[in-house]
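Novice: Once you've had a glance at the structure underneath, I'll fire off some questions.
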Amino acid sequence: MKSLSQLLAVPALLLCALGAAHAQTVQAWVTTGDQSQLLQRNADAQFKPGTQAATIIEVDPRQRFQEMVGFGAAITDASAWLIQNKLNEQQRSALLNELFGKAPGAGFSFTRLTIGASDFSRHHYSFDDMPAGQTDPELKHFSIDANRADVLPVTKAALAINPRLRVMASPWSAPGWMKSTDSLIQGTLKPEAFAPFASYLSRYVSAYEKEGVPIYGLTLQNEPHFEPKDYPGMRVDPAKRAAFIGGHLGPVLAKDHPGTRILDWDHNWDEPWSPADVLKDATANKYVSGVAWHCYGGDVRVQAALHDRWPDKETYFTECSGGKWAPVWSDNLQHFARTLVIGTTRGWAKGVLLWNLALDENDGPHLGGCKDCRGVVTIDSRDGKITRNEEYYALAHASRFVRQGAHRIASTSGYGDLDTVAFRNADDGSTALMVVNSAKAPRSFAVRVGQRSFDYTLPAASVATFTWK
């Protein structure tokens with residue numbers, strides 16, 4: 001006859017056995033370059049002891065790296081205007097829930113706003129425009145009213161769906177009266193405008209917080225080494241950025257908004273010396289939380305190189321756009337997944353942002369700048385039809401499965417045409433492994449975690465995300 005303690009142990013043993021069986025199951029979600037599968041769940045794989053595979057991807061949860069803020073895209077003026085004006089209430093709700101909602105939504109948890117106009121605005125403006133020759137150093141005319149019709153409502157709706165959404169913001173230009181050109185177009189920040197511009201950015205954070213939109217981080221200038229000729233821009237070299245951050249913006253935000261990060265650079269991989277020069281400045285350094293990167297020149301590997309020099313500084317990837325200059329869907333899927341999701345996060349990015357969240361069938365609206373950029377989704381302005389572009393699937397292969405607060409963990413990558421990145425979610429201990437096969441043929445491999453492994457064959461030119469607990 002069994003004792004009471006033995007009888008009580010039976011359910012516990014059953015639960016352990018069931019848990020072990022559950023832990024051996026791996027979900028597989030696949031997007032293929034020929035679009036026959038689009039983030040489609042395939043047959044589950046099973047962990048088992050050992051493997052005979054020639055190619056083995058090792059995943060080691062014991063090696064933890066950066067904590068993730070998330071993935072997403074910018075709510076530009078163009079994106080917000082389309083969502084607010086070219087979708088009816090039902091369409092708008094469905095799209096925003098898909099983009100920012102939990103699975104089966106894409107689960108975007110990071111976004112970017114423009115402080116004033118970019119090229120993807122329907123008119124050029126700042127939040128304190130003045131007639132030519134006039135100034136407003138006390139910011140008496142400051143107002144975010146230009147954002148009330150679309151950017152604010154769309155951002156608030158996204159926050160209502162995902163209250164943990166992190167919002168960063170970047171100006172394309174200071175108000176024209178603060179600049180050497182007295183215009184939003186080209187020029188640089190006048191030294192006498194350092195204090196007003198710092199106040200301008202702080203006022204922006206205050207105004208958005210009053211509207212219920214906390215600003216997680218700021219860059220002081222989008223692409224500070226580029227002066228476009230037909231839309232707002234401003235050149236701010238590293239010495240001037242360091243002086244502005246160290247002497248003005250840093251102290252102002254530390255006093256008024258200590259929770260808002262300052263990120264330097266917000267430009268391409270091809271000039272890593274520029275953010276390095278800012279970080280070398282001891283006064284600026286103590287106010288700079290991290291460095292933001294764009295994709296339009298250089299190599300993603302510079303992110304890790306700069307992080308190695310300043311490991312206490314955070315890394316973010318804040319802009320890249322696809323467009324008609326690269327028309328092959330399969331190639332774009334692989335590039336965005338391999339370089340802009342896997343490459344950036346393996347290069348320490350805590351957050352990954354693409355450019356326009358949504359554009360229309362004519363690649364707009366825009367005023368100057370890029371004439372053939374593509375949004376993460378396309379909204380047909382005639383009927384509200386949504387097209388999910390290759391950028392959507394590249395992002396969603398991470399954002400749907402990697403939740404805010406997850407840590408990147410170790411995984412082998414970069415051989416046999418297979419690139420990988422792995423994450424461990426903090427809330428439930430689940431693992432997400434993203435794999436890109438850039439070969440022109442299927443690739444078979446095993447994924448090994450400790451003494452267990454599962455085998456899988458991934459189609460050519462495809463992306464998979466594997467999840468397990």
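Novice: For LYS190, give me every one of the lysines with a C-alpha distance below 17 angstrom, ignoring sequence neighbours fewer than eight places off in its own chain.
Specialist: Straight-line reach from LYS190, under 17 Å: LYS179, LYS240.
Novice: With a ≥ b ≥ c taken as the square roots of the eigenvalues of the C-alpha gyration tensor of segment 262-387, please select rounded if a/c is under 1.5 and otherwise prolate if a/b is larger than b/c or oblate if it is not?
Specialist: Details: a/c = 2.63, a/b = 2.03, b/c = 1.30.
Note, shape of segment 262-387 comes out prolate.
Novice: Roll a 1.4 angstrom probe over the protein heavy atoms and tell me the percent of accessible area of the chain that is carbon or sulfur.
Specialist: Values: 9840 of 18750 Å².
Percent of accessible area from carbon and sulfur atoms in the chain: 52.
Novice: Going down the table (LYS350/LYS469; LYS140/LYS210; LYS140/LYS286), which pairs top 24 Å between alpha carbons?
Specialist: Details: LYS350/LYS469 22 Å; LYS140/LYS210 18 Å; LYS140/LYS286 31 Å.
LYS140/LYS286, as the Cα separations exceed 24 Å there.
Novice: Counting pairs of alpha carbon atoms under 8 Å apart in space and at least six apart in sequence, what relative contact order in percent does the chain give?
Specialist: On the way: 1082 pairs, mean separation 105.6, N = 469.
Contact order relative to length: 23 percent.
Novice: Toward the positive end of the charge dipole of segment 183-327, about the Cα centre and with charges on Cβ (Lys, Arg +1; Asp, Glu -1), which of PHE317, ILE262, ALA207 goes farthest?
Specialist: ALA207
Novice: Taking a probe of 1.4 angstrom, what is the accessible area of LYS156 in Å², to the nearest 10?
Specialist: For LYS156, the solvent-accessible surface is approximately 80 Å².
Novice: Excluding ligands, DNA and RNA, what is the solvent-accessible area per residue of segment 25-108 at a probe of 1.4 Å, expressed in Å²?
Specialist: On the way: 3910 Å² over 84 residues.
Here the residues of segment 25-108 average 47 Å² of exposed surface.
Novice: Only four residue types carry charge here, +1 at the Cβ of Lys and Arg and -1 at the Cβ of Asp and Glu. Report the dipole size of segment 54-117 about the Cα centre in Debye, rounded to the nearest 20. Intermediate results must be reported in sequence, preceding the final value.
Specialist: Numbers: 6 positive and 6 negative charges, 19 e Å.
My answer is approximately 80 debye.
Novice: Could you pull out every residue, at least 5 positions away or on a different chain, whose amide H is within less than 5 Å of the one on GLU58? Hs are placed 1.01 Å off N in the peptide plane, and Pro or chain starts have none.
Specialist: Answer set, sorted by chain and number: THR412, ARG448.
Novice: Which residue, chosen from TYR216, LEU165, THR181, occupies the Cα position most advanced towards the positive end of the dipole of segment 162-225, where the dipole is computed from +1 (Lys, Arg) and -1 (Asp, Glu) charges on Cβ about the Cα centre?
Specialist: Going by the charge dipole, the pick is LEU165.
Novice: Place a +1 charge on the Cβ of each Lys and Arg in segment 145-304 and a -1 charge on the Cβ of each Asp and Glu, then give the dipole magnitude about the Cα centre in debye, rounded to the nearest 20. Walk me through the numbers before you get to the answer.
Specialist: On the way: 17 positive and 18 negative charges, 101 e Å.
Charge dipole, segment 145-304, about its Cα centre: 480 debye, nearest 20.
Novice: Which one of GLY247, GLY429, ALA284 is farthest out on the positive end of the charge dipole of the chain, using unit charges on Cβ (Lys, Arg +1; Asp, Glu -1) and the Cα centre as origin?
Specialist: It is GLY429.
Novice: Also: Pop a pseudo-label 7 angstrom from the Cα along the beta-carbon direction at both THR412 and ALA94 and give the gap in nm to one decimal.
Specialist: 4.5 nm
Novice: Same structure, new question: Summing -39500 (n - 2.57) over the DSSP H runs of n ≥ 4 in the chain and dividing by its residue number, what mean residue ellipticity at 222 nm do you reach, to the nearest 500 deg cm²/dmol? Spell out each step's value before the answer.
Specialist: Working: 12 runs with 120 residues, N = 469.
After summing the helix terms and dividing by the residues of the chain, the value is -7500 deg cm²/dmol.
Novice: Just subtract the alpha-carbon distance of ALA460 and ALA439 from 0.36 nm times their residue separation and send over the number in nm, one decimal.
Specialist: Here the answer is 7.0 nm.
Novice: Please work out whether segment 380-469 counts as rounded, prolate or oblate from its C-alpha gyration tensor, where a ≥ b ≥ c are the square roots of the eigenvalues and a/c under 1.5 means rounded, while otherwise a/b larger than b/c means prolate and anything else oblate? Provide the component values of the computation, followed by the final result.
Specialist: Values: a/c = 2.71, a/b = 1.33, b/c = 2.04.
It is oblate, given that a/c is not under 1.5 and a/b is not larger than b/c.
Novice: Give me the percent relative contact order of segment 336-403, please, defined on Cα pairs under 8 angstrom at least 6 residues apart. Write out the running numbers ahead of the final one.
Specialist: Working: 73 pairs, mean separation 18.7, N = 68.
Across segment 336-403, relative contact order equals 28 percent.
Novice: Next question, about the same structure. What is the local net charge at LEU279, summed over the other residues whose Cβ is closer than 9 Å to its Cβ (Lys, Arg +1; Asp, Glu -1)? All intermediate terms of the calculation are to be shown ahead of the outcome.
Specialist: Details: positive: LYS280, ARG309, LYS313; negative: ASP264, ASP277, ASP281.
Neighbourhood net charge equals 0.
Novice: Note down the nm distance, to one decimal, between modelled labels 7 Å out along Cα→Cβ at THR55 and at ASP136.
Specialist: 5.8 nm
Novice: Taking the alpha-carbon distance from LYS324 and a cut-off under 16 Å, which aspartates and glutamates remain once sequence neighbours fewer than 8 residues away in the same chain are dropped?
Specialist: ASP360, GLU361, ASP363, ASP372, GLU390, GLU391
Novice: What is segment 101-223's relative contact order, in percent, from Cα pairs under 8 angstrom and six or more apart in sequence? Provide the component values of the computation, followed by the final result.
Specialist: Values: 162 pairs, mean separation 37.1, N = 123.
Once divided by the residue count of segment 101-223, the mean separation gives 30 percent.
Novice: Moving to a separate point now. Accessible surface of SER36 in the full protein assembly, 1.4 angstrom probe, to the nearest 10 Å²?
Specialist: Rounded to the nearest 10, that gives 80 Å².
Novice: Something else now. About its Cα centre, how strong a charge dipole does segment 213-311 have in debye, to the nearest 20, once Lys and Arg get +1 and Asp and Glu get -1 at the Cβ? List each step's numbers first, then the result.
Specialist: Details: 10 positive and 13 negative charges, 73 e Å.
Dipole magnitude for segment 213-311 comes out near 340 debye.
Novice: Averaged per residue, what accessible area in Å² does segment 248-298 show with a 1.4 Å probe, protein chains only?
Specialist: Values: 1930 Å² over 51 residues.
The answer is 38 Å² per residue.
Novice: Can you match semi-axes √(5λ) of the Cα gyration tensor in Å to one of these, (1) 31, 27, 23; (2) 42, 24, 22; (3) 37, 29, 18, based on a calculation from the structure here?
Specialist: Label (2) holds the value from this structure.
Novice: Still on this model: What is the distance in Å between the Cα centroid of segment 293-336 and that of segment 88-155?
Specialist: So the separation of the two Cα centres works out to 24 Å.
The values are calculated or read from the model by the stated rules, or taken from the named source; none is laboratory data. Since this is a predicted model, take the numbers as computed values, not measurements. All Cβ positions, even for glycine, are placed from backbone atoms using ideal geometry, and neighbour counts span all protein chains on display. Areas reflect the complete protein model, heavy atoms only, side chains present, ligands, DNA and RNA absent. Shrake-Rupley method; radii C 1.70, N 1.55, O 1.52, S 1.80 Å.
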